[in-house]
1. Which strands (runs of 3 or more DSSP E) sit wholly inside the range 277-321 and have at least 2 residues that are among the hydroxyl-bearing types (Ser, Thr, Tyr)?
2. Hey, can you tell me all the residues within the range 78-98 that are over 14 Å from VAL193 (Cβ atoms) and either part of a helix (DSSP H, G or I) or not assigned by TED's automatic domain parsing to the domain that holds VAL63 (or both)?
3. Taking the residues in the range 551-569 that are surrounded by 22 or more Cβ atoms within 10 Å (Cβ to Cβ) and within 29 Å of the chain's Cα centre (by Cα) as candidates, determine which candidate is farthest from LYS600 (Cα to Cα).
4. Right, SER585: closer than 13 Å to TYR367 by Cβ and among the polar types (S, T, N, Q) or not?
5. Test of understanding: among GLU561, GLU570, GLU553, GLU617, which residue is in a loop (DSSP other than H, G, I, E, B), assigned by TED's automatic domain parsing to the domain that holds VAL531 and acidic (Asp, Glu)?
6. Given the options ASN243, ASN279, ASN256, name the one that is in contact (Cβ under 8 Å) with a residue 12 or more places away in the chain, in contact with a Gly (Cβ under 9 Å, 6 or more places away or on another chain) and more than 16 Å from the ligand (Cβ to nearest atom).
7. Output the residue which, of all residues in the range 282-325 that are acidic (Asp, Glu) and touching a Gly at 6+ places or on another chain (Cβ under 8 Å), is nearest to LYS261 (Cα to Cα).
8. Taking the residues in the range 605-626 that are within 16 Å of the ligand (Cβ to nearest atom) and over 13 Å from ILE343 (Cα atoms) as candidates, determine which candidate is surrounded by the fewest Cβ atoms within 10 Å (Cβ to Cβ).
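The values are calculated or read from the model by the stated rules, or taken from the named source; none is laboratory data. Bear in mind the structure is a predicted one, so any value in this text is a computation, not a measurement. Cβ placement follows ideal geometry from the backbone for every residue including glycine, while neighbour counts extend to all protein chains displayed.
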Amino acid sequence: MKKTEFSLANCMALARTLWSSTKALTIALTLIALNSARAQQAVLHNAYARDFESLNGAWHYIVDPYENGYYDYRYQPFDQSENPSRSAFFMNSKALDKTDLIEYNFDESPTMNIPTDWNTADEKLFYYEGTVWFKKSFSHSQQEGKRYFLYFGAVNYKAEVYLNGEKLGTHVGGFTPFHYEVTDQLKEENFVVVKVDNKRAKEAVPTLNTDWWNYGGITRDVKLVSTPNTFIEDYQFVLEDMNSKTVQGSVTLTGNDVASKPVSIEIPELKVKESLTTNAQGIATFNFRAKKMTLWSPESPKTYQAIIQSGDDSLEDQIGFKSIQTEGQKIVLNGEPVFLRGISIHEEKLGGGRVSTKAEAKQLLTYAKELGCNYVRLAHYPHNEHMVRLADEMGIMLWEEIPVYWTIDWTNSETYANAEAQLTRMIQRDKNRAATIIWSMANETPVRAERNDFLTRLATKARSLDPTRLISAALEQSYDPNDGNIRSIDDPYAQVVDVLSFNQYTGWYGGTPESPRLVKWNIDIDKPVLVSEFGAGAKYGFHADKMTRWSEEYQAYLYQETIEMLNRIEQLQGFSPWILMDFRSPRRVLPGIQDNWNRKGLLSEKGEKKMAFSVLEKFYQEKAKQ
Ligand code: GCB
C-alpha cells in the first residue's frame, strides 16, 4: 500500500474522496495520539523561539572515573538517601572551616566551554569514557506568572541533573533534547550540577560497538527557558492536500486551565488567520486552504513565518509545506519524481569533535551544497536542531535516524523503550521541518526474528506519530550462494519500509574498484531504492595508481565504478555515499593512514577535497540537469 498520499490527481473521484477522508481521519487520529503521548511526556516544542537565558559558557568540571561523587563507599548512590552526604558532588559543598573535610571543590576545578564534547575540549580526556561532573552557578530573578524549564539540547549519554542539591531527574540517550520544570526550585542564586556518563553498555542505544567515537559531554545548548503559566506546548502543521493547498494541524496548550481557550494561528504572507478554541484537553485543531502557497523544495526552499498565539503566549516559526510520498518505484516530492543526490554526514565538525554550534552545522551543509546535493543522510543518530533548521533554509532534504546500529540488545524491553523514546523525541522535535522526508529506524542490523519485531514496532510507532513522511532503514544486501555477484535484498523488513535502502561496499570490503562491473542486481521489490552507503577509504594527499588502497585514485575510481553499478538498479532513486568528511573512529588504527580516523570522507577532517569529491560532484551536476 502507498504511503501518505495527499495528491491523487490521477485517481477516480470516488477513490479520491474516500482516500482523503481516510487520510484526514488518520491525521486527526495522529494528532490525538501525539497529544495523549504528551500527557506522559511534556513537550517544549520550538524551544529556540522561546524567551530564555543561555546557560552555555564556562562550567566547572570534575572527572570522576570511579563515580566517587555519586556512590558512597558501600556503593549506595548518595542521591537515594533522604539526607545526602556533603561528599556527594551534586551538593556542591565547600569546607566550612579549617577542620571540615570536603574532598572536592567545583569552583577550584577547571572549566569547559559548554556546549562541547570533553574528548575535544580537554586533551587529557581524548579517549575518556566514564563520568564527568559539571557545575554552573547562575543568578535568577523570578517573574510573577512565569514558568521555568531547564533545557538541554543533548547530553551524551546519561545525565543525572540536580538543581541546588535537589535531583531533577535522569535522562538517557545522547542525541535528543530534554528538560525539567524548575519554577518552584529556583532561588536568587542557583547551582546546577550534571553528572554525565558516556560509558558504553550492551543494553544501550547505541550499544557497545560502533564505528564512530563516543563523544561525551553536554554537547548541545543549555538554557533556562521561560513560559507563561499556560503556554503553547506543541503544534503541528501538515500539508493535507497539495493540490488544494489544504493544511491541517493542531495547537496544544499546557497549564492549569487549558479548556475553551482562544488560540490563533497566523501566516501573514499567505493571509491566513485562524481563530480557534481549545477543547477540554487544551487542543485546538485547524484546517485552512492557502491557494497562493509555494511548496517547499530544494530548488525553492520557501518557508513562511507562522505565528501561534494564545493568551500571554506567542511563538514564531518558519514553516515550509511539502508533500512526500512514494509511487511504485518513485519517490515523489510535491507530485514530481525526485532523484536524491545525497551524502551521509556524521555530526562531526572540521578538525574533529561534535558539532555544537550553528556555524559548524552550516559548514557541513555548505560542503554538501557544493557537492551538488539536494539530500543528506544525517547518520547515525539525531543531529542538532540547527542542522535540521538550516536544511529547511538551504533546501536540503533529510534522512533522520536513531542510533539503532549493528547489534542492539533486541530482546531487552528497556532497550526497546529507550529506542522508542529517542525516535519519539526526534519526531516531536522535527515534525514541522519541511526538509525531513525520511525517518530511519536502524542501520545494518542482523536479520532475525527478534530484530524484525523490534524494528517493526519502531516503524509502527513512527507511523503513528507522523504519517506524512517515509519510513526506511539502512539494510544489507544478500549474496546468491552460487554466485556472489548476484545481489538481492533478502530481508523481511523490506516489506515494512516505504523506501528500500541498503549499504553496500563492493570494491572496498572485498574486491577491487573493478568488482562492481560484475555485480548483477536481483531486487524484485516494487519500491524505490536508495543506496544509503557506499565508499572507500583514502588518505588525503596520498597519490598512487588507482588499484592502490588508500590512494585518492582508488577512492575516485571506486566511486566511478560504483555509480555505474548502481545505475543498473531499476528502482534506484538516489544515494548517500559514505561519507562527507573523515571522522574519528577508534576502530581505525592503521598508522600513517587512518590514525584513528575513518578515511572514507570525500573531504579530509580539515576540509581538503579528495579526488572522489569531483567525481560525485560531476555526476550530481549531470543528474541535476535531467
Ligand atoms: C557501514 C556503517 C558505517 C561505517 C561504514 C564503514 O556500513 O554503516 O557506520 O562507518 O560502514 O566505514 O565501514
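1. Numbers: elements: 283-289, 304-310, 313-319.
Hits in the range 277-321: 304-310.
2. Scanning the range 78-98 gives a single hit, GLN80.
3. THR562
4. Details: closer than 13 Å to TYR367 by Cβ: no; among the polar types (S, T, N, Q): yes.
Considered against the rule, which asks whether it is closer than 13 Å to TYR367 by Cβ and among the polar types (S, T, N, Q), SER585 comes out as no.
5. On the way: GLU561 fails: in a loop (DSSP other than H, G, I, E, B); GLU553 fails: in a loop (DSSP other than H, G, I, E, B); GLU617 fails: in a loop (DSSP other than H, G, I, E, B).
None of the other options fit; the residue is GLU570.
6. On the way: ASN279 fails: in contact with a Gly (Cβ under 9 Å, 6 or more places away or on another chain); ASN256 fails: in contact with a Gly (Cβ under 9 Å, 6 or more places away or on another chain).
When all the criteria are applied, what remains is ASN243.
7. The initial filter retains those residues of the range 282-325 that are acidic (Asp, Glu), namely 299, 312-313, 316-317.
From what's left, touching a Gly at 6+ places or on another chain (Cβ under 8 Å): 299, 312.
Numbers: GLU299: 40, ASP312: 11 Å.
Top of the filtered list is ASP312.
8. Our first condition is that a residue be within 16 Å of the ligand (Cβ to nearest atom); within the range 605-626, this holds for 605, 610, 612.
Next cut, over 13 Å from ILE343 (Cα atoms) only: 605, 610.
Working: GLU605: 20, LYS610: 25.
The selected residue is GLU605.
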